[in-house]
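Student: Take a look at the following structure, please.
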Amino acid sequence: MDIPSFLNKTNPYFQKLKSSDKAKFHDRVEKFIDRKSITGRQNFLVTQEVRVTLAAAAVQLTLGLDTWDLDYFSQILIYPSEYQNPQTRQMHKGETNMGGFMCFSWIDFLRGNKTPDDKINLGLHEFGHALRFSGMQGHEPDYFFDNYFKRWLACASREYTKMRKGYASILRKYGAVNINEFFSVVVETFFENPQEFKTNLPELYHHTSILLNQTTAIDGSIVLNCRESLMKLNISKDIKENRTLLKYVLPNSGAIYAALLFVIFGCFSLLGDGYKHPPAYILFILAGLCWLHLERKYTRVYFKGKNLMIEKGFFLTKNPHSKTLPISQLISFYANYYELDNTPKIEGCNIVFYYEGDFYEENLYFELTQPHFDQLCDVLIANYVHVHIVR
């Protein structure tokens, strides 16, 4: 079977790819078929055309990803039409089972492909579930997808919440069932009606393009490997600069007091013949260690334009450890919240961010008052950064 010719005739997505991407698509289709057990049920005959059509839906979804073959789901069962789940006794058109297998009603699978712009596509929908859960039981998920999904979720939760409350949306209503169904419904709309999606939900479309590392151009062509350029657009909202928002609280720092005391005692120890004995120098060494501890922990964090500015180091190491992070590259913010004498305290904050092709976690040493913490969270949430508070 000539797979590229078959795809050119039957697959609208494949037709929109440039030549080099078509070769990549073809290669992955063949590998997908080789790596999966695709079996017919109820006398359904699995032909090569069936295998290629099935694999094409999975490859379409994951073409921009590095880890793409959804290896946890190694078995795919195909029924001629709707089938009854033997456990729930309910009728299904498709199923992504956490036992590591998937099921499809073939007539409904083909119906989803027949109308490519109705935002209903069984193959994309179920493979969306498989992508979401592909890291099950030690199986390797796509590295970027797994790390960026929290940022996508922070953006998606706004539309999802509106749908749960009954508000109208361009996304079909089934997405309001739960967040997993919402993701699969987003996937269907992303591929079947990208221009409507981009026009009505531009921020969610933007983050979905980054997540899947592909987008649809104005002329309808498919653009792969667009992630880096989209993140550099930094479509985050401008934020009024506030240099006092977050900083290490010096009066509460035991390190600076310890350093000063060791220096003072060291100076007194030098009096007379003290300079001839080790204790004075030991005190100065201890003072230096306390100062280095302060240098390591001292942190100033503030917003400037569309960037988060992180200045670490009090004096000696101030400049080498400074960072300017576009808000578009922030993924998550974690904070420990507790109460001391009925006063809210927030400290031990971490941020996860994307920088030059990898994800990093940065520890931020500062204490926050409740008003400053609320202000920080408002800014991050408004820019779709995932915020997690540990109590």
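Student: Could you give the spread of the C-alpha atoms of the chain along their three principal axes, from largest to smallest, in whole angstroms?
Tutor: 100, 45, 45
Student: In the stretch 112-152, which residues have a backbone nitrogen under 16 Å from the label point lying 7 Å from ASN200's Cα in the Cα-to-Cβ direction?
Tutor: 117-121
Student: Further, regarding this structure: Could you state, as a whole-number percent, how many of the C-alpha pairs of the stretch 3-232 are farther apart than 34 Å? Display every interim value, and only then the final one.
Tutor: Values: 2488 of 26335 pairs.
Counting every Cα pair in the stretch 3-232, those more than 34 Å apart make up 9 percent.
Student: At what distance in nm do the modelled label points of LYS165 and MET98 sit from each other, each positioned 7 Å from its Cα along Cα→Cβ?
Tutor: 3.0 nm
Student: A further question on this structure: Going Cα to Cα from LYS198, which lysines come in below 25 Å? Please leave out same-chain ones fewer than 8 positions away.
Tutor: By straight Cα distance, LYS198 reaches LYS16, LYS18, LYS22, LYS114, LYS119, LYS150, LYS162, LYS165, LYS173, LYS232, LYS237, LYS306.
Student: I would also like to ask the following. In degrees between 0 and 90, to the nearest 10, how far off the longest principal axis of the chain does helix 254-269 point, with axes built from Cα atoms?
Tutor: 30 degrees
Student: To the nearest Å, what is the center-to-center distance of the stretch 63-124 and the stretch 144-207, using C-alpha atoms only?
Tutor: 20 Å
Student: Give the residues of the stretch 78-94 whose amide nitrogen is closer than 14 Å to a point set 7 Å from the Cα of LYS114 in the direction of its Cβ.
Tutor: Correct set: 81-82.
Student: What distance in nm separates the two pseudo spin-label positions at GLU228 and LYS304, each 7 Å out from Cα along the beta-carbon direction?
Tutor: Those two pseudo-labels are separated by 2.5 nm.
Student: Now, a different point. Compute the distance in nm between two label points, each set 7 Å from the Cα along the Cα-to-Cβ direction, one at SER322 and one at ARG41.
Tutor: Label at SER322, label at ARG41, 6.2 nm between them.
Student: Between TYR355 and LYS18, take the C-beta separation as r, use R0 = 22 Å, and let me know the FRET efficiency to the nearest 0.05.
Tutor: Details: r = 29 Å, r/R0 = 1.34.
Calculated value: 0.15.
Student: Can you sort LYS306, LYS312, LYS232 by how many other beta carbons sit within 10 Å, fewest first?
Tutor: On the way: LYS306 15, LYS312 23, LYS232 10.
Ranking LYS306, LYS312, LYS232 by Cβ neighbours within 10 Å, fewest first, gives LYS232, LYS306, LYS312.
Student: Now for a different question. Give, in nm to one decimal, the length gained when the segment between ASP66 and SER221 is fully stretched (0.36 nm per residue of separation minus the Cα-Cα distance). List each step's numbers first, then the result.
Tutor: Numbers: separation 155, 0.36 × 155 = 55.80 nm, distance 2.09 nm.
The ASP66-SER221 span can extend by a further 53.7 nm.
Every read-out reported here was derived from the displayed coordinates using simple, explicitly stated rules and does not represent laboratory data. Small disclaimer: the values here were computed from a predicted structure and weren't measured. Ideal geometry is used to build each Cβ from the backbone, glycine not excepted, and the neighbour counts take in all protein chains shown.
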